[in-house]
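Enquirer: Encoded as structure tokens, here's the structure I'll be asking about.
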Amino acid sequence: MNMDHTTVTSGVTQTDKRRRRTTELMIAAAGILLSLLLIVVGRTYGDYFYVASYVVLQFVLLATAWNVLGGYSGYVNFGSAGFFAVGCYTTILLGKLFDAPLAVCVPAAGIVAGLIGLGTGYLSLRLRGVFFSIATLALAVMLQTLIVNWSYVGGARGVYVLRPDTSGPFDSYVQLLAIVMCLMATAAVIVAVVVERSWIGFGLAALRDDETAAEAAGVPSLRLKLIATTLSGFLMGVAGAPFPYYITYVDPASAFSLAIAINTIAMPLIGGTATWWGPVVGALLLGITQQVLTVTISSAANLLIVGVLLVIFVAVAPNGIVGLVRKFRESRR
Amino acid sequence: MYVTWDLMANAIVAGILLGGFYAAVAVGVTIAFGMLDIVNIAHPAVMMIGAFLAYLALNTFGIDPMITMVILAGVGLAIGPFLYRGYHALIEKRGDESLQGLAFFFGILFIVEIGLVMTFGVDYRALELSYLSKTFELGAVSIPARMLIPFVVAMIMCGLCYAYLFYTFTGRTILAVAQDVEAVRLIGADPQRSKSVAFSIAIATGLVAGVLLILIQPVEPSIGREFIGRAFAVCVLGGIASITGTVTAAMILGVAETLTASLIGPSWSPAISFGLLLLTLAFRPSGIFGR
Amino acid sequence: MSKNDFTINRREALAGIATAALTAGSIVPASAQTQQPIRIGMGMAMTGGLAALGKSALLGMQIWKDDLNARGGLLGRKVEFVTYDDQSSPAVVPGIYSKLIDIDKVDLVVSGYATNQIAAAMPTIMQKKRLFMTLFGLAANDQFKYDRYFQMQPNGPDARMEFSRGYIETAMAMNPKPKTIALVGADAEFPNIALDGARENAKKAGLKIVYDKMYPPNTIDFGTIVRSIKATEAELVFVASYPPDSAGMVRAAREVGLKSRMFGGGMIGLQSAALKTQLGPLLNGVVGYDLYVPEPTLKFPGIEEFLKKYQAEAAKQGVDPLGFYIAPFAYAEMQVLEQAIVAVGSLDEAKLAQHIHKASFDTVAGTIKFQERGEWAEPRVLLVQYQGVTGNDVEQFKQTGRQVILHPPKYKSGDIKAPFGD
Amino acid sequence: MSEFILSAKGITKRFGGFTALKGVDFEMAPGERVGLIGPNGSGKSTFVNCLAGALTPDEGSIVFRGDDITTLPSWKRARAGIARSFQIPRPFKGLTVRQNIEVPLLFIPRENAPKADEVDRILASIGLLEKADASPKSLSQVELRKLELGRALAAHPRLLIADEAMAGLSDGEVVEIVELLNRLNESGIAIIMIEHIMKAVLAFSERVIVIVAGEKIADGEPHEVMKHPEVERAYLGQ
């Protein structure tokens, strides 16, 4: 884009810019702090803490990734499990082909999933609303069928992925995974903030409300949607990349899992889709609740809670926790 | 290799029978989603309720599923308006984007599924009826009753829906609502009432489709999810708001799946149906039969 | 700025809550006193697709626990279970096992049901060097090669060959010898492995494979597939499938009027009461692999009492009322553990593993000896044929002669009735 | 370079088998005020949608300020200098009134950077300064119409297409909007007004064109066009 956006001197945009930098820095600091905290607390409480943190942070990453597209532009991706699985299988493929280390697999997974995201972006040229959602669902099924029939990466039978030996400063491989996930989630949240507060987010917000009107106001909607779908796909792929090492045995059913598809949508909706911190709050809340319930109630009821929470929030607090907080603040004013 | 005319004929007949069942599943989606813009992805959950009620009816009270499905259709029509009122009060009235409705039904789908797991367990349930295991032979083509009965019921059901929509006043107002809510007000009908009736019909068809499913195959609570994609695929392929389009698209999908299974190999048949959907969405979003 | 501070504080606060929530209720006395019970931890599928067998297995283990505690426990201590529902989802398994080991500090861990679950627990188990008794894992240790792993499904060292060995050997013993075979199965883990083995066994036996296709899970219309197979006029039809499609294939075979000399083989689900009663007489003539059936050749000491207890309790809990498939092996798994602990005299897992590798164990599932990868040294996958099934009553399957053992010869209890479909 | 700011030739648009526009020619001078009238369903909206880029014509060409824009998407046309308001106001409901104005400011590049107070000036000129931080959901019908025009204004256009900007307004409000349009026109913006309110069209336009059943049937001085027999029959009614 050959124009300099800083020339727009309308008040809001400039403060936004300054505000954004501080927020970014603080999120980065919080992420690093959390990683350190993980190490310290993990030493005391053992690997369970890492495992649980990994899962919760994976959902923070996924929810944030989904929200970059779903929340900011209003295009609902039903196929998030597909993108996640693409990330997952990229790791498996690269591992089989080149014995590639995680540090290579993560960006590669992001790129592959990002390219698929770019493809769905072109779908959005013709498909809006529910039709786009159905198309993403169909895409996920297609990807799954492909993987099921691709025996090199395990096919329907699944594939074992052995963890490499723990190296460097890490006590255990799960510790490494948890910290990697923590840093990636932090980075994703920063990306979300940058998008949200830049011209991209502003344009997406306009086209979320009314795509035709946004175009008439000069918003290059296709370009923005492509950025959003690619970025969102990239981040979901990245989220899936370490999963094979976490689970050690991957079959299509566990990579394209329904739990991932559901949580990825439910978490931003419960947290609130308008801002970057909505999905973070939603993922932490729902993710931790699920972790705790798995080892306490430990029955079907614990999945029920996700459903009930989702219905209650959608019906009573359509703007999620973010909306509730805003209402609360306004009422105090 | 072993593709004979017999095999082809059988595959096509089987595909049409299967397509009939898909039509029964999708017709409710066509009405709720295509005509009313209600993204009821919990439709398969309604099916599961129907399936398990049919199981309960047969095994506890000895009621034949053929009777159960008539009762369930009535029940669906009776409780539908209340469900619609609830949905309207919670979601639709706000006029929010379909995202909220989507999420709402997503949650409902989950609640129903787990509710069923907690009541019936996770075992596969099936109906034991001697007439289901009969097979009719028409020359080289064999037609199992297990597929034929659902097909016939589905066609009757779709026919009734069609007749209702096109030959009654309320039915026509429903079609009008699908086009333009304001126009309905102008002709002096209450769009709210039309929508409520239409939604009830959709629920009723869902319950019946569930009974049909348990006639065809054993059922467990989470199996419903498999039908979300197919139902919406059929609905979209058929041009979203058209009953005849839905039935035709369902048949095409059924035949495409059975032909793929016979000619290429069954493992590719989901790719065929969803590939068809994706292509349609990408190049002809108005459906194969849309204008 | 101030507005931002607020937001960040919230985030940190939430992180704090996260920490608190994760560690809440996890304060456990550091060392268990000898008087305290021996705690055995596991994740088990109590919801989701694997729950039917998961619950059946858990019931089997609980009966062992009650029997044992009634006898006064183990090493003078009572035994207690710590169980979590893995929701049939491998993704939660690593969390469950690290919680069991790190936070709950259980004395021993055993696996939940099925391969995916076992594989997902393996890295945690291996890192902590725990003894791992596992239930129905399909060659899960072939990759890990962990020496404290012991698996209870009687697949033997070369699992993939076993699910079709009996089928092919029985077929080749028929007169005249069959020449052609059709292979069909669901596109998923177990059927893939079973078909792999069947392919190899068929080739070794000199059979010509005239059909070899997979269908996707959740296929509805099996008629089309069976018709394609019928068109090949294969003499033998080997099916590898999961419960819903096992039922679908049997029904479709009847509807289409498939006539072959043998039909069945690697069908999961036929072992459970649910499918047996659903299919009833449709099963007559179908052959299938099985692990235990109430035939006179399999009267291991204790099995009948166990099944009596199990069947009484299962009726109350609504789990599989027959309990032939997984429950005896779950009980036997705990018997192995019990006998090893008694022999070693402590809970030292290194010694326990050593002992289990060496010794042989008498259980309700027969005498078991493990080989170096923790599989049964001698496979015991049965091939049974359903004969004389009338109606859909469940009781008849508790009688002898309904599920006749054709293979292996050591346990043979009857002769094959062929062809299928007459 | 021609003397025209906009020159459309042979614009044809078909929907399936239905031809909505049949070879419409249209030219416009810089700063001109043109009224576009025609009965409902005559193809007026299709025509302006073809001009603004919401639709692409099947045949014909459109040249704007010397550049062929026939196949450009609407955001590029907006950047080229064509702004529009919508028949039914389409504000960005999730943004504030101020942000609504900021969208075109941010996305349409200028030769000279917009001044710091540009948003305020626009808001003041449409009388919405006090509601700058409100949500468009709280605006009245006439305020929404003004916001539409304000947003079009912020795009810094050379041509403004006002699609029924006065529908559903009271007489007094109509006057307000016409005044606003006049002021815009005085700053050199050419305006196409699509309107049913004949009084407003006649008062505002220098030239009127009439589209009936997808064809342009008249083009000229407002009062002469009104006397055209076909116009009387087709438009003013039987």
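The values are calculated or read from the model by the stated rules, or taken from the named source; none is laboratory data. Just so it is clear, the model here is predicted, and its values are computed rather than measured. Cβ placement follows ideal geometry from the backbone for every residue including glycine, while neighbour counts extend to all protein chains displayed.
Enquirer: State which residue is nearest to the other protein chains (Cβ to nearest Cβ) when the search covers only the stretch A:159-217 and only residues that are of a type in the set (Lys, Arg) and in a helix (DSSP H, G or I).
Expert: Checking each candidate, the answer is A:Arg208.
Enquirer: For the stretch A:90-105, how many residues are out of contact with any Gly (no Cβ under 8 Å at 6 or more places or on another chain) and assigned to a helix (DSSP H, G or I)?
Expert: Residues that pass the stated criteria total 9.
Enquirer: Something else about it: Can you list the strands (runs of 3 or more DSSP E) lying wholly within the stretch C:223-338 that have 3 or more residues being out of contact with any Lys or Arg (no Cβ under 6 Å at 6 or more places or on another chain) and of a type in the set (A, V, I, L, M)?
Expert: C:236-241
Enquirer: Could I ask something else about it? Looking at the stretch C:94-127, which of the residues that are within 17 Å of the chain's Cα centre (by Cα), more than 7 Å from chain A (Cβ to nearest Cβ) and part of a helix (DSSP H, G or I) is nearest to A:Ala52 (Cα to Cα)?
Expert: The residue in question is C:Ala121.
Enquirer: Moving to a separate point now. Would you point out the residue of the stretch C:67-93, among those that are in a helix (DSSP H, G or I), out of contact with any Leu (no Cβ under 7 Å at 6 or more places or on another chain) and more than 7 Å from every other protein chain (Cβ to nearest Cβ), that is nearest to A:Gln290 (Cα to Cα)?
Expert: Result: C:Val93.
Enquirer: Further, regarding this structure: Hey, any hits in the stretch A:268-290 for a residue that's within 7 Å of another protein chain (Cβ to nearest Cβ), modelled with pLDDT of 80 or more and closer than 18 Å to B:Glu113 by Cα?
Expert: Taking every residue of the stretch A:268-290 in turn, none turns out to be within 7 Å of another protein chain (Cβ to nearest Cβ), modelled with pLDDT of 80 or more and closer than 18 Å to B:Glu113 by Cα.
Enquirer: Just the residues that are away from chain B (no Cβ under 13 Å) and not hydroxyl-bearing (Ser, Thr, Tyr), please, taken from the stretch C:260-283.
Expert: Once the filter is applied, which keeps residues that are away from chain B (no Cβ under 13 Å) and not hydroxyl-bearing (Ser, Thr, Tyr), the stretch C:260-283 yields C:Arg261, C:Met262, C:Phe263, C:Gly264, C:Gly265, C:Gly266, C:Met267, C:Gln271.
So that you can scan it fast, the table gives a plain yes or no per residue for (1) without any contact (Cβ under 8 Å) to a residue 60 or more places away in the chain; (2) in contact with a strand residue (DSSP E or B) (Cβ under 8 Å, 6 or more places away or on another chain):
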| site | (1), (2) |
| --- | --- |
| B:Val177 | no, no |
| B:Pro191 | yes, no |
| B:Ile203 | no, no |
| B:Val208 | no, no |
| B:Ile214 | no, yes |
| B:Pro218 | no, yes |
| B:Pro221 | no, no |
| B:Val234 | no, no |
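Enquirer: Filter the stretch C:241-253 for residues that are in contact with a Ser or Thr (Cβ under 8 Å, 6 or more places away or on another chain) and within 23 Å of C:Arg165 (Cβ to Cβ); which is nearest to the other protein chains (Cβ to nearest Cβ)?
Expert: Ranking the candidates gives C:Pro243 first.
Residues checked against (1) at the interface with chain C (Cβ under 10 Å from one of its Cβ atoms); (2) over 18 Å from A:Phe132 (Cα atoms); (3) hydrophobic (A, V, I, L, M, F, W, C):
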| residue | (1), (2), (3) |
| --- | --- |
| B:Val219 | yes, yes, yes |
| B:Arg230 | yes, no, no |
| B:Ala241 | no, no, yes |
| B:Thr248 | no, yes, no |
| B:Ser262 | yes, yes, no |
| B:Ser267 | yes, yes, no |
| B:Phe274 | no, no, yes |
| B:Leu279 | no, no, yes |
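Enquirer: Sticking with this one: When you scan the stretch C:193-210, how many residues do you find that are within 14 Å of chain B (Cβ to nearest Cβ) and surrounded by fewer than 21 Cβ atoms within 10 Å (Cβ to Cβ)?
Expert: Within the stretch C:193-210, residues that are within 14 Å of chain B (Cβ to nearest Cβ) and surrounded by fewer than 21 Cβ atoms within 10 Å (Cβ to Cβ) number 3.
Enquirer: In the stretch D:177-217, what count of residues is obtained for those that are among the charged types (D, E, K, R), without any contact (Cβ under 8 Å) to a residue 40 or more places away in the chain and closer than 22 Å to D:Ile88 by Cα?
Expert: Residues that pass the stated criteria total 2.
Enquirer: Across the stretch C:139-155, which residue is farthest from C:Glu189 (Cα to Cα) among those that are out of contact with any Lys or Arg (no Cβ under 8 Å at 6 or more places or on another chain) and within 13 Å of chain A (Cβ to nearest Cβ)?
Expert: C:Tyr146
Enquirer: Test of understanding: among B:Ile67, B:Ile63, which residue is assigned to a loop (DSSP other than H, G, I, E, B), surrounded by fewer than 24 Cβ atoms within 10 Å (Cβ to Cβ) and away from every other protein chain (no Cβ under 14 Å)?
Expert: Unique residue meeting the criteria: B:Ile63.
Enquirer: Another question about this same structure. Whether any residue in the stretch C:179-187 is crowded, with 18+ Cβ neighbours inside 10 Å, part of a loop (DSSP other than H, G, I, E, B) and among the hydrophobic types (A, V, I, L, M, F, W, C) is what I want to check.
Expert: no
Enquirer: Let me ask another. What residue, among those in the stretch C:368-392 that are in contact with a Ser or Thr (Cβ under 7 Å, 6 or more places away or on another chain), farther than 12 Å from C:Val287 by Cβ and in contact (Cβ under 8 Å) with a residue 24 or more places away in the chain, is surrounded by the most Cβ atoms within 10 Å (Cβ to Cβ)?
Expert: Top of the filtered list is C:Ile368.
Enquirer: How many of the residues in the stretch B:112-139 are more than 8 Å from chain C (Cβ to nearest Cβ), part of a helix (DSSP H, G or I) and either in contact with a Cys (Cβ under 7 Å, 6 or more places away or on another chain) or farther than 26 Å from B:Arg225 by Cα (or both)?
Expert: 2
Enquirer: From (1) surrounded by fewer than 24 Cβ atoms within 10 Å (Cβ to Cβ); (2) closer than 26 Å to C:Gln387 by Cα; (3) charged (D, E, K, R), pick out the condition that doesn't hold for C:Lys316.
Expert: Here C:Lys316 clears every test but (2).
Enquirer: Any idea which of D:Ile191, D:Ile211, D:Ile177 is under 24 Å from D:Thr46 (Cβ atoms), among the hydrophobic types (A, V, I, L, M, F, W, C) and at pLDDT 90 or above?
Expert: Step by step, each of D:Ile191, D:Ile211, D:Ile177 is checked, and only D:Ile191 is under 24 Å from D:Thr46 (Cβ atoms), among the hydrophobic types (A, V, I, L, M, F, W, C) and at pLDDT 90 or above.
Enquirer: For the structure I just gave you, tell me whether A:Tyr89 is closer than 29 Å to A:Asp47 by Cα, crowded, with 24+ Cβ neighbours inside 10 Å and aromatic (Phe, Trp, Tyr).
Expert: It is true that A:Tyr89 is closer than 29 Å to A:Asp47 by Cα, crowded, with 24+ Cβ neighbours inside 10 Å and aromatic (Phe, Trp, Tyr).
Enquirer: Of the residues that make up the stretch A:234-249, is at least one of a type in the set (A, V, I, L, M, F, W, C) and touching a strand residue (DSSP E or B) at 6+ places or on another chain (Cβ under 8 Å)?
Expert: yes
Enquirer: Which residue out of D:Thr56, D:Thr70 is in contact (Cβ under 8 Å) with a residue 12 or more places away in the chain, in a loop (DSSP other than H, G, I, E, B), surrounded by fewer than 20 Cβ atoms within 10 Å (Cβ to Cβ) and away from every other protein chain (no Cβ under 14 Å)?
Expert: D:Thr70
Enquirer: In addition: Of the conditions (1) in contact (Cβ under 8 Å) with a residue 24 or more places away in the chain; (2) under 17 Å from C:Thr134 (Cα atoms); (3) surrounded by 14 or more Cβ atoms within 10 Å (Cβ to Cβ), C:Lys398 satisfies every one except a single condition; which number is it?
Expert: Going through the list (1) in contact (Cβ under 8 Å) with a residue 24 or more places away in the chain; (2) under 17 Å from C:Thr134 (Cα atoms); (3) surrounded by 14 or more Cβ atoms within 10 Å (Cβ to Cβ), C:Lys398 breaks only (2).
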